[in-house]
Amino acid sequence: MPIGKLARYALFAALIGISVLSYLREENAPVTNAPIEPSSDTPMERQAGQPPSLPSGTGFDFYVLALSWSPSYCAAEGPNANQQQCSTGRPYGFVVHGLWPQYERGYPQDCDTSQPRNVPYAQAKQLSDIMPSPGLVTYEWRKHGSCTGLTQQDYFSVMRQAVKRFAIPAPYRQPTSRAPVNPQMLERAFVSANPGLAKDGIAVTCDSDYLREVRVCLTKDLNFRPCPEVERSSCRRRSVDMPAAQ
């Protein structure tokens, strides 16, 4: 056999050998590009593909979203009630009293912050659909929002998202005339309308005459959570008035 042809056969055989060895190495090598499974402590929102866009507060344990029944406030305060809330001709039902940072026991208030103490009027008016008094907006920012570690803009953004997270049962969305209500029955209606909410994560409050507020406890990610200290403020009366808007 000519030497040139023999050399070509030898080169071809060597290439085949190299290919076989490379294949075997790849077959036995550990797999490094397998999908990473979410760990048990990965937030459910991240696992479900939801973007982590919610501003995260600091210096407290959880939130309480307090919704006030506006007609009760207006009736109880009478001529001393805020006119922007009670005399505008707009019939408010449940409105935001506040979004309160809480400790497991107690809560912070009136904290030092680099943010302005006053909320610009234009920014406060943007909340008028859920929080009708600009004065209340500034008051809640100073007393509670200042303790969240958030900017004013982020605090009110979280507040609006918390309102969207919490469903008001259909029979209680409009401030129309109704018979006196049982606070425990109202609480059950809210629990039923909000999957994941338990009875130890909500409080319905009252005074001697009127149903006043619904308070729901939320994690910093705005998921429902228990809060025994808040729940203990629940109304124990069997019947209270839930007046209509005037």
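The values are calculated or read from the model by the stated rules, or taken from the named source; none is laboratory data. In this text the structure is predicted, and so the values were computed from the model without any measurement. As a convention, Cβ positions derive from the backbone with ideal geometry for all residues, glycine included, and neighbour counts pool all protein chains shown. These area figures cover heavy atoms from the full protein model, side chains too; ligands, DNA and RNA do not enter into them. Shrake-Rupley method; radii C 1.70, N 1.55, O 1.52, S 1.80 Å.
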message = Quick one: 3J(HN,Hα) in Hz for segment 226-237, Karplus 6.51/-1.76/1.60 with θ = phi - 60°, rounded, Gly and Pro as x.
response = x, 7, x, 5, 5, 4, 5, 7, 4, 5, 9, 6
Distance in nm between pseudo-label sites at GLN246 and GLN126 (7 Å out along the Cβ direction from Cα) = 3.3 nm
ask   = Under 5 Å between amide H atoms, partner at least 5 residues away or on a different chain: which partners does PHE62 have, H built in plane at 1.01 Å?
value = GLN102
request  = Please list the non-local residues whose amide H lies under 5 Å from the amide H of PHE94, H modeled 1.01 Å from N, same-chain partners needing a gap of 5 or more.
outcome  = SER70
query = Using modelled backbone amide H atoms (1.01 Å from N, in-plane), which distant-in-sequence or interchain residues come within less than 5 Å of ARG212's amide H?
reply = THR205, CYS206, ASP207
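Provide the per residue accessible area, probe 1.4 Å, for segment 62-233, rounded to a whole number of square angstrom.
On the way: 8160 Å² over 172 residues.
Per-residue accessible area for segment 62-233 comes out at 47 Å².
Output the peptides 95-103, 111-119 sorted from most to least packed, where packing is the average of other Cβ atoms within 10 Å over each peptide's residues. Walk me through the numbers on the way to the answer.
On the way: 95-103: 21.7, 111-119: 13.7.
Per-residue mean Cβ counts within 10 Å order the peptides as 95-103, 111-119.
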query = On average, how much area does the Cα convex hull of segment 52-204 cover when viewed from any direction, in nm²?
reply = 10.2 nm²
